[in-house]
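Below is one structure; the comments refer to it alone.
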Amino acid sequence: MGEARPQLVFHEVDRSRLKDFIALFESRGGPKNCWCMVWRATPAESRETDSASRKRAFTGRVRRGIRVGILAYLDQKPVAWCSIAPRSTYRDLGGRTQEAGESVWSIVCFFVTREFRGQGMTARLIEAAVEHARKRGATIVEAYPVDRSSPSYRFMGFVGAFKKAGFVKVGRAGTRRHVMRLTIKEHYD
């Protein structure tokens, strides 16, 4: 018999969960240098490359009510993150042009604490992220994963994980990132 999967609970990062998000990112091995601003930064914010500036920019978005993503909790402790938000909240990701009637949400980043890596957490985050977007009116979820051999952008996930979740490749963004989409609700003009 296989080992039972941990009972995870997923919550949107909002003002009430901001402390948990900060604790996760500032934990050992956490991405406290980027603060998930790689694809969010405005041109002015891009010039501010220190951790404190990025943290301030990210937390400011949360405080203003901008959707940024979800946290996975185990026993009320945050253990993983997925950046899932309307594509309009990011800078150009290189995906396809949004058509009339579409509501495209993008998955652009994952972080899993060391103790939970290699346990299928990315698949569970993708599933929760798609459900999160669907409940908020998304018709398409787009992702930009890389091949396992890629030397960069690995934080965006791997192609295989998205294929298993039903995403299909629709193009490329740059030389490393694949553009993959999952239609979750038909849109009508």
Point-to-point label distance, K163-R64, nm (Cα→Cβ direction, 7 Å offset): 3.9 nm
The chain: calculated mean residue ellipticity at 222 nm from DSSP helix runs of at least 4, using -39500 (n - 2.57): -7000 deg cm²/dmol
Cut-off 9 Å between beta-carbons: net charge of the residues surrounding K169, Lys and Arg +1, Asp and Glu -1: +3
Paramagnetic label zone (point 7 Å from Cα along Cα-to-C-beta, A23; backbone N under 18 Å) in segment 64-82: 70-82
Ranked list, fewest to most other Cβ atoms within 10 Å of each Cβ, for D20, D147, D75: D75, D147, D20
Segment K135-H11, length gained on full extension (0.36 nm per residue, minus Cα span): 43.4 nm
Listed residue pairs exceeding 23 Å between alpha carbons, taken from K55/K163; K135/K164; K164/K185: K55/K163
q = 0.11, 0.12, 0.21, 0.22 Å⁻¹: log10 I(q)/I(0) that the Debye formula gives for segment 10-122, counting C-alpha atoms only: -0.36, -0.43, -1.21, -1.30
DSSP H segments from the chain that extend 15 Å or more along their own axis, Cα-based, with Kyte-Doolittle mean of -1.0 or above: 121-135
P(r) histogram, all alpha-carbon pairs of segment 9-48 included - 10 Å bins from 0, percent: 26, 44, 28, 2
Whole-number percent relative contact order across the chain, with pairs defined as alpha carbons under 8 Å at least 6 apart: 18 percent
Given charges at beta-carbon only (K, R positive; D, E negative), |dipole| of the chain in Debye: 340 debye
Net +/- balance of residues flanking W105 in space, Cβ distance below 13 Å, scoring K and R +1, D and E -1: +3
Two-site FRET efficiency, S46 against R172, from Cβ-Cβ distance with R₀ of 35 Å, rounded to 0.05: 0.95
Eligible lysines near K77 by straight Cα distance, threshold 19 Å, same-chain separation 8 or greater: K19, K32
Binned Cα-Cα distances of the chain, short to long, each 10 Å bin given as a whole percent: 9, 37, 39, 14, 1, 0
Highest average packing first - 103-112, 86-95, 32-41, Cβ atoms within 10 Å: 103-112, 32-41, 86-95
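As a test of the definition: which semi-axes, in Å, follow for segment 95-189 when you take the square root of five times each eigenvalue of its alpha carbon gyration tensor? Largest first, please.
For segment 95-189, the ellipsoid semi-axes come out as 23, 17, 10 Å.
Laboratory data are not the source of any read-out in this text; all were calculated from the coordinates shown. Since the model is a prediction, treat every value here as computed from it, not as a measurement. Because the Cβ atoms are built from the backbone with ideal geometry, glycine has one as well, and the counts that use them run over all protein chains shown.
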